[in-house]
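Just so it is clear, none of the values below were taken in a lab; they were calculated from the coordinates. Everything quoted here is computed from the prediction, not taken from an experiment. Don't worry about glycine lacking a Cβ; one is built from the backbone with ideal geometry, like all the others, and counts go over all protein chains shown.
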Amino acid sequence: MATTLAEQAREECRREIKAACRIGLDASTLDSFMDRFMGNFKRLCTDDEAGNKFWARIGQNMRDNGRYIGTFADFFARNKKPAVVSLDDLNLSLILVRALCFDRQIVPDHRTATIPLASPRFEICEGVDLDPELDTLWRQFLTGANIEH
C-alpha cells in the first residue's frame, strides 16, 4: 500500500499501464520500468500542499499517459513469440508518449492549428534515459521537421 503521495502517484500510473497490457506483463518488468520514474515522483509529488496541487493538476494526464504506454506496449508485444510485454516494448512506448509532452514544443493539431504542450507532464519523465536516436526521430516526425537518414 502506498504511504506517500509519490508512491501513490507511481502506483496509479503503474495500474494504468498494467490494465492496458492485456497480454502478459511480468510484474518485475513493470516495476523496473516504473522505478526509473520514482526520483521524479518523489521530487514533484511531495507530501505537502505544493505536491498535492501538482498531482491534482496533472494526475489524470499521467494516468492517461500510463494507459497509452500500456496500450502501445501491448500492441508491440503482440507480434512476438511469446507475446509478452518486454522492457523494450515499454521503453519504445514511452518514447512515443513522451514525444507528445516534451517541454515547450509546438505540435500541429488538426483541431486548433497548433497547441503548446504542457511541461508539467514532461517533468515526470525528465531525465529518464531513452534511446536518443529513436527519441529524436519521433520528435522530428511530430514537429514536421526534416528527418535525416
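General observations
- Amide H contacts for residue 24 (H built 1.01 Å from N in the peptide plane; partners 5 or more residues away or on another chain; cut-off under 5 Å): 85.
- Applying the Karplus relation 6.51 cos²θ - 1.76 cosθ + 1.60 with θ = phi - 60° to region 15-26 yields 3J(HN,Hα) values of 4, 5, 4, 4, 5, 7, 8, 7, 9, x, 9, 5 Hz, where x marks Gly and Pro.
- Label-point separation, residue 64 to residue 84 (7 Å along Cα→Cβ), nm: 3.3 nm
- For residue 27 and residue 52, the difference between the fully extended length at 0.36 nm per residue and the C-alpha to C-alpha distance is 6.2 nm.
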